[in-house]
Amino acid sequence: MSRTAVIVIDMLNPYDHQDAEALTASVERIVGPLADLVGRAHRREDVDLVYVNDNHGDFAAGREDIEALGRKGRRPDLVEPVLPPPGCAFLPKVRHSVFFGTALDYLLRRQGVETLVLTGQVTEQCVLYSALDGYVRHYALRVPRDCVAHIHTDLGDAALRMMERNMGADITTAARCLPSEDDR
C-alpha cells in the first residue's frame, strides 16, 4: 500500500482567464521541476500520482476533454509537459479544493496514503485551500515550492508561510519531496 500521493492541481489550463498572464509567468518556472517530479512519482510503486483539475464549468467533461481544452488553449507548452501519464487517477473538480465534491479522500484512504505532496496552481488559491482540507483530514503535507505557481508573488509567499505555520506543511523542493529508495 502506498503512503504518499503526489497531487497535481489544475495544470490542464487553457490560460484564457483574467489573471492568465501573471499566472503563466510563474507556471513557466515550475513546469520543468513538476514534469520531473511527475515522472519520478509515476515510476514509483509506493507513490500514487493523482491529477485533480478544474472542469472549467463543463460538468460533462472527462479527462480527455479537459486535456484537450488545455492543449488547445493559449499556452499548450505549459500543459503538454505535465499531461497525466497513463494509468494515473484523474478527478475533475468544480471549486478550489481538490477535496470539494470529489472522491479524492476515499481514493487516498483506500490506498493507505498518509502524506500529500501538493503541486500545481494557484498557490494562494487552490493549493492553499486543498492544503487546509488535507490538514483537517489529518494528512501530512509537503509542498515543493518549485512545483507551485502563483498569480501574486506576495500572496503565494504568504500562502506557503500559512501552510507551513498553520498546517505543519513541509515546504521543500521537487528534488527533496520524495525520499529516495535509500532513505526509506
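Here are the numbers for the structure shown:
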| quantity | calculated |
| --- | --- |
| Dipole moment magnitude, nearest 20 debye, segment 55-163 about Cα centre, only Lys, Arg, Asp, Glu C-beta charged | 160 debye |
| Residues of the chain: accessible area per residue with a 1.4 Å probe, Å² | 49 Å² |
| Rounded percent of accessible protein surface that carbon and sulfur make up, segment 119-184, 1.4 Å probe | 47 percent |
| Interchain or long-range residues, amide H under 5 Å from Gly120's placed H | Ile9, Val148, Ala149 |
| Neighbourhood charge, 10 Å Cβ-Cβ cut-off, centred on Phe100 and excluding it, Lys, Arg +1 and Asp, Glu -1 | +1 |
| Cut-off 12 Å between beta-carbons: net charge of the residues surrounding Ala140, Lys and Arg +1, Asp and Glu -1 | +1 |
| Length-normalised contact order of the chain in % [C-alpha pairs under 8 Å, at least 6 apart] | 28 percent |
| Sites Asp65 and Glu164 - FRET efficiency at Förster radius 35 Å, r taken between beta-carbons, to 0.05 | 0.45 |
| Kirkwood hydrodynamic radius of segment 6-57, from inverse mean 1/r over distinct Cα pairs, in Å | 12.4 Å |
| Full-extension gain in nm, Arg3 to Val136, via 0.36 nm per residue minus C-alpha separation | 46.1 nm |
| Rg/Rh ratio calculated on Cα atoms of the chain (Kirkwood radius) | 0.93 |
| Amide hydrogen neighbours beyond the local backbone of Ile171, cut-off 5 Å, H modeled | Val143 |
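The values are calculated or read from the model by the stated rules, or taken from the named source; none is laboratory data. Quantities reported herein were computed from a predicted structural model and do not represent experimental measurements. Here Cβ is always computed from backbone atoms with ideal geometry, including for glycine, and neighbour counts include all displayed protein chains. Remember, those area values only see protein heavy atoms, side chains included, never the ligands or the DNA or RNA. Shrake-Rupley method; radii C 1.70, N 1.55, O 1.52, S 1.80 Å.
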